[in-house]
Amino acid sequence: MPSVRITELSVHGFRNLQGVRLAADARANVLLGSNGQGKTSALEAIDYAASLRSFRGATRAQLVGHEADGAQVLLRVEGAAFSHEYRVKLTRTTREILLDGKRPERAVEYFGGASCVVFQPGDLELVQGAPELRRRLLDRILVRVVDGYGEALKSYAKALRARNMLLRERHPDLRAVQAFDLPLARYGSAVVRARESVVGDLVRAAQSALEEITQTRDVISVAYRARAPGDAVAYAAMLAAGVQGDLMRRTTQQGPHADDLSLSWSGRPARVVASQGQTRAFALALRLAELHVVEARSGSTPALLLDDVSSELDRTRIERLFSLVGRLGAQVWVTTTDPAIADLLPGARRFEVRDGRVSLTAPSAG
Ligand SMILES: Nc1ncnc2c1ncn2[C@@H]1O[C@H](COP(=O)(O)OP(=O)(O)OP(=O)(O)O)[C@@H](O)[C@H]1O
Ligand SMILES: [Mg+2]
């Protein structure tokens with residue numbers, strides 16, 4: 001299967017990164033450096049250029065370097081038969097995206113090509129944290145594999161905001177509130193259908209990734225309980241039936257904005273029973289499942305960005321992870337403070353990250 005290969009990365013004014021320009025290895029790249037030098041920021045810049053979201057949940061103003069007027073990230077991505085340049089320019093308040101120097105006409109055109117999967121310390125929250133993080137996992141997958149999903153999600157959010165604003169008025173106008181039922185039903189049901197279509201594959205892939213990483217037969221499950229029907233007519237009827245409750249609570253209660261994935265470990269809620277190590281393994285399994293689903297549906301293997309794996313996984317699990325990645329053929333980017341981790345990826349191109357600058361440290365053995 002063809003895979004996403006980031007061959008060139010330039011970053012200016014993003015977090016503490018300055019004047020970064022590097023030519024990447026097609027298979028494996030390691031960013032080595034002490035704490036606070038810019039390793040996570042480099043992965044964040046890559047994923048930001050690909051997904052237009054910060055995996056640390058940062059706003060544009062937080063991403064632009066304290067001393068910079070704006071930030072710019074450029075990725076060159078090469079496949080078997082193409083080469084594309086993704087460029088994103090940020091100021092504290094604006095964002096401009098360019099695909100091969102032109103504004104992309106449709107979002108899927110942009111998101112389709114440079115897809116990345118990130119595993120980072122904050123991913124423990126996928127298992128333990130708020131539902132929003134699990135919805136974001138689904139959404140990250142779906143914007144890349146379902147045509148029109150990103151647009152449906154945006155239109156849904158817009159209609160929801162407007163309806164909720166009306167519900168919060170002192171004397172809500174029922175007719176005005178219900179004028180939003182049609183768009184909510186249309187876009188909301190499309191979001192639900194897309195989410196339902198992907199969960200089965202996601203849980204199967206997560207289970208097999210977990211077995212591979214832990215070499216145990218612990219059973220995990222991921223269930224999607226949609227809060228609204230995937231049929232637009234039934235959806236509209238649900239909104240009509242619930243409008244009195246919405247008026248009382250001053251908000252739209254049902255819909256994909258309130259969805260959650262329920263995760264269980266050996267039949268019990270994972271948040272409650274999984275140990276630290278099991279929680280980490282579950283989170284990693286979900287990320288590898290994201291990679292698998294995007295690969296299966298888009299026909300190309302995303303690049304895998306692993307932030308600070310040695311703080312998350314023991315050496316044996318890291319070795320299994322690297323060998324799995326090798327078999328998948330995914331390009332991998334690893335950050336670490338520990339050169340011994342880099343040694344587990346023979347042939348990887350090594351870069352040193354120091355004070356916001358990135359330099360090649362040793363020629364690739366490959
Ligand atoms: N907008 C910003 N402008 C300038 N510097 C920033 C900005 N945001 C964060 N920083 C700083 O950038 C530096 C690099 O942060 P980063 O998280 O990339 O470090 P790291 O190399 O991953 O460190 P660790 O090994 O501790 O995870 C930190 O000193 C951080 O305080
Ligand atoms: Mg870091």
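The values are calculated or read from the model by the stated rules, or taken from the named source; none is laboratory data. Since the model is a prediction, treat every value here as computed from it, not as a measurement. Every residue, glycine among them, receives a Cβ derived from its backbone with ideal geometry; neighbour counts consider all protein chains shown.
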Here the residues within segment 319-338 that are within 16 Å of ligand 2 (Cβ to nearest atom) and not hydroxyl-bearing (Ser, Thr, Tyr) are Trp333, Val334, Asp338
Given (1) out of contact with any strand residue (DSSP E or B) (no Cβ under 8 Å at 6 or more places or on another chain); (2) within 16 Å of ligand 2 (Cβ to nearest atom), Gly38 misses just (1)
Restricted to segment 316-353 and to residues being under 9 Å from Val30 (Cβ atoms) and of a type in the set (Gly, Ala, Ser), the residue nearest to ligand 1 (Cβ to nearest atom) is Ala342
By residue number, the members of segment 1-28 that are within 16 Å of ligand 2 (Cβ to nearest atom) and farther than 20 Å from Asp123 by Cβ are Val11, Phe14, Asn16, Leu17, Val20
Check: Looking at Arg163, is it surrounded by fewer than 16 Cβ atoms within 10 Å (Cβ to Cβ) and either small (Gly, Ala, Ser) or part of a helix (DSSP H, G or I) (or both)?
Finding: no
request  = Output yes when any residue across segment 3-11 is within 14 Å of ligand 1 (Cβ to nearest atom) and of a type in the set (Gly, Ala, Ser), and no when none is.
outcome  = no
The one condition Gly245 fails out of (1) modelled with pLDDT of 95 or more; (2) in a strand (DSSP E or B); (3) surrounded by fewer than 19 Cβ atoms within 10 Å (Cβ to Cβ) is (2)
Of those in segment 43-73 that are part of a loop (DSSP other than H, G, I, E, B) and within 16 Å of ligand 2 (Cβ to nearest atom), the residue surrounded by the fewest Cβ atoms within 10 Å (Cβ to Cβ) is Gly57
Looking across segment 296-315 at residues that are over 14 Å from the mean Cα position of the chain (by Cα) and among the acidic types (Asp, Glu), the single one that is nearest to ligand 1 (Cβ to nearest atom) is Asp308
Exercise. Check whether at least one residue in segment 192-214 is part of a helix (DSSP H, G or I), free of Cβ contacts under 8 Å to residues at least 60 places away in the same chain and either hydrophobic (A, V, I, L, M, F, W, C) or in contact with a helix residue (DSSP H, G or I) (Cβ under 6 Å, 6 or more places away or on another chain) (or both), and report yes or no.
Key: yes
Scanning segment 22-42 residue by residue, the ones that are near ligand 1 (Cβ under 8 Å from one of its atoms) and either part of a helix (DSSP H, G or I) or touching a Leu at 6+ places or on another chain (Cβ under 6 Å) (or both) total 5
Just one listed residue, out of Arg87, Arg76, is away from ligand 2 (no atom under 16 Å from the Cβ) and either touching a Phe, Trp or Tyr at 6+ places or on another chain (Cβ under 8 Å) or closer than 21 Å to Ala330 by Cβ (or both), and it is Arg76
Quick check: anything in segment 31-46 closer than 25 Å to Pro121 by Cα and of a type in the set (Asp, Glu)? yes
